[in-house]
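The values are calculated or read from the model by the stated rules, or taken from the named source; none is laboratory data. Since the model is a prediction, treat every value here as computed from it, not as a measurement. Methodologically, a virtual Cβ is constructed for each residue, glycine included, from the backbone with ideal geometry; neighbour enumeration extends over all protein chains shown.
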Amino acid sequence: MELTGKSSFTAYGFLFKKLESIEKFLKSELNYANAESIPEKEEKMSIAEAAAYLGCTTRTIDNYFNRGILVRHHEGKKVYLIKSQIDSGFMAKLKEGKNG
């Protein structure tokens with residue numbers, strides 16, 4: 001079946017949005033897969049705790065995950081962050097942005 005005219009633009013737009021969604025998901029999963037194993041002593045923070053710590057919203061934390069600034073870790077279904085990684089990774093990216 002060949003698409004022509006307006007229907008082709010609609011179909012291509014739909015497919016493009018789907019590809020963007022898949023790309024976002026894969027980036028998120030790569031962050032998860034590349035996360036180092038966490039020593040038990042490390043302080044864990046929930047997304048809400050991390051947002052309060054950084055003075056931002058939980059949506060901003062999600063954006064930082066998607067941009068690779070912060071790394072999400074999983075313990076079962078629970079998602080958490082490591083405080084030392086927040087401090088080192090976030091501050092490095094912040095400094096990089098100011099100097100870049």
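Counting only residues that are touching a strand residue (DSSP E or B) at 6+ places or on another chain (Cβ under 9 Å), surrounded by fewer than 17 Cβ atoms within 10 Å (Cβ to Cβ) and without any contact (Cβ under 8 Å) to a residue 40 or more places away in the chain, the stretch 63-77 holds 1 of them.
Take residues that are modelled with pLDDT of 90 or more and tell me which of the helices (runs of 4 or more DSSP H) falling wholly in the stretch 22-100 contain 3 or more. Give the steps one after another, and end with the answer.
Working: elements: 47-54, 58-67, 91-99.
Result: 47-54, 58-67.
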